Amino acid sequence: MNFDYTEEQLELKAQIRAFCEKEIAPELRQMDDAQRYPIRTMKMLGEMGFLGMPFPKEYGGRELSYETYVMIIEEISKISASHGVAVQTHHALATWPIFTYGTEEQKKKYLPDLTSGRKIGAFGLTEPNAGTDAAMQQTIAEDKGDYWLLNGSKMFISGAGVADIYVVMAMTDKTKGNHGISAFIVEKGTPGFTFGTNEDKLGIRGSTVAELLFNNCKVPKENLLYEEGKGFKVAMTALDVGRLGIAAQALGIAQEAFDRTVHYMKHREQFGKPLSSLQALSFTMAELETKIEGARFLLYRAAAHLDQGKKDISVAAAKAKLACSTVAMETTLKAVQFHGGYGYIKDLPLERYMRDAKITEIYEGTSEVMKLVISGGIFGKGAKHETKEVQMLDKAEDLKTLIQEHVGSICWSGGRGLTKSGFEKLQKLAEKTGGDSGASRGAVRAGLAPEDKQVGLTGRTVAPEVYVAVGISGMTQHLAGMKGSGLIIAINRNPQAPIFTAADYGLVGDAEEILDQLLASL
Ligand code: CAA
């Protein structure tokens, strides 16, 4: 672990800072007012080798580490967060997926233009009904033999209309959920591919955002990126890399707002002394500096994971983005506050930093999504309850055959959908089949079964070969006590009962009648 910048990194930092001050800073106000994509300076960044930073030289890249990459994005974003997001979208969401998942032909065709900045890349995932719930894609790609036919639209796409190469997600098989999504490389100029008007935004006004519109757009067969049905994976892994870039952008905003506030507090005097001598303000700055440094360590560690070739950086990237974007918002709000009236007017860039910071908590996964990913890392998939493909049975006779086929331990468990006599039938079935009996928490509380029979988070954990849940609704706490069972069979009068999402087989009907039939035939 090395906490210092290398000589090369320091030189690159100085080079990019000098460029941003000379070329980008003078155009910032106009870019922000007119909401204009900074194509001139983006092209210059490409010529200087800053649009293909981490990619191999054989594809025109510079082979810089991801640690250096995030450092450069942070540096660019100190001056212009709009350039920061444009550079990172181009790298992580367009160039990276083509480099990682593309065929050799695709890489040879697209990468040299992207890594040199001759062409700009963009990413099309978000749709009106697929924002945070990214798997709800409605754009469709039909296999027409010689080509893919795309129809639908994307919204809030950074660089739309300016970019030349788009990595676009679309449904190729609606019946397969996220496994029916595929990724495509779509070039600007393809007939049937047009753009909506630019959105008028609060911040990062240099990074233009608009719709992508696909109307019978014919995409060449060879432009499928990776395999059919693997587009969600392409998008999610690209977003993991993207989140590092957004974290770096947020960190740049936070650091610059912080540094400017330190300078102001040292020089601005009120009540006969500098603001820095007021503890209410200087303690806040102490807290902010600690948080900024903490966020930077999370970011550099996540980037180091990528450099070390770790396959899954999702949680590390989510922590970095959450920490950096939160501190960016907090720092810029304080920076405006501590600058008072000067913070609120456009002569100084503090109000712009505050406007620019907000989006870092929203795009490439909101802070809430970051917490979802991080909590998934802590608690595993169990944080969500898994749903199975339940096979519905027609009659009690089918159930009997199924149980007879699965010789072994069995547990007959009842819920509030049964009466006292239903529980007696369950007990008889347990005795007849040499099995155990159980009950839901609700049934125990209703006095239908003794407390020691309760299965669930607050009761016993059972894992028989066959678990028969009769009249149990299937609350998560109950599922926690029986989900290790080999085969789960649910009997319930309500076809919508959640228990069916955890069961392998289901039978809808009057539970007590079904128990009678089983007692007679087993
Ligand atoms: N890497 C690899 N695979 C992943 C993955 C990852 N990071 N995340 C999920 N997957 C896989 C899962 O393993 C799972 O695979 P199986 O179906 O084979 O089991 C599949 O994807 C579905 O996973 P989930 O069930 O966890 O997915 P979900 O539908 O519940 O969604 C989510 C999870 C985290 C909420 C995800 O939808 C998400 O990240 N949403 C936010 C979308 C987003 O960031 N949009 C940004 C738009 S682009 C942008 O903002 C750019 C810009 O403007 C600059």
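Rule-based calculations on the coordinates, nothing more; no lab input. Source: prediction; values computed, not measured. Cβ sites come from the backbone with ideal geometry, for glycine too, and all protein chains shown count toward neighbours.
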For region 67-163, what is the largest minus smallest coordinate of the Cα atoms on each principal axis, given in angstrom and ordered from greatest to least? 45, 33, 23
Distance between Cα centroids, region 239-278 to region 44-83: provide it in whole Å. 23
Arranged from highest to lowest average of other beta-carbon atoms within 10 Å per residue, in what order do the peptides 325-336, 215-226 appear? 325-336, 215-226
For Lys144, counting only lysines whose alpha-carbon sits under 27 Å away and dropping same-chain residues fewer than eight positions off, the answer is Lys107, Lys108, Lys109, Lys154, Lys174, Lys176, Lys188, Lys218, Lys221, Lys230, Lys233
Compute, for the chain, the length of the dipole vector about the Cα centre, with Cβ point charges of +1 (Lys, Arg) and -1 (Asp, Glu) only. Units Debye, rounded to 20. 780
Leading residue at positive end of dipole, the chain (Cβ point charges), from Gly474, Met71, Leu306: Met71
For a quick protection proxy, order the peptides 70-76, 12-18, 263-269, 496-502 by their average other-Cβ count within 10 Å, most packed first. 70-76, 496-502, 12-18, 263-269
Calculate the dipole size of region 297-357 relative to its Cα centre from +1 charges on Lys and Arg beta carbons and -1 charges on Asp and Glu beta carbons; express the result in debye to the nearest 20. 180
Under the helix-only model (-39500 (n - 2.57) for each DSSP H run of 4 or more, divided by the residues of the chain), the mean residue ellipticity at 222 nm, to 500 deg cm²/dmol, is -14500 deg cm²/dmol
Histogram of C-alpha separations across the chain, 20 Å bin width, %: 20, 39, 27, 13, 1
dims of region 1-60, Cα set, principal axes, largest to smallest, nearest Å -> 43, 29, 18
Within the set Lys453/Lys483; Lys266/Lys334; Lys43/Lys311; Lys266/Lys321, which residue pairs have Cα atoms separated by over 23 Å? Lys43/Lys311; Lys266/Lys321
Residue (of Ala130, Met171, Ser207) at the positive-pole extreme of region 106-216, dipole from beta-carbon charges: Ser207
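For the ranges 131-144, 277-290, what's the packing order if you count other beta-carbon atoms within 10 Å of each residue, average per peptide, and put the highest first?
Result, highest mean Cβ count within 10 Å first: 131-144, 277-290.
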Once you have the Kirkwood Rh of region 372-522 from its Cα pairs, apply Stokes-Einstein at 37 °C and 0.692 mPa s and quote D in µm²/s. 215
If I model a spin label at Thr458 and Asn151 as a point 7 Å from the Cα along the Cα→Cβ vector, what separation in nanometres do I get? 5.3
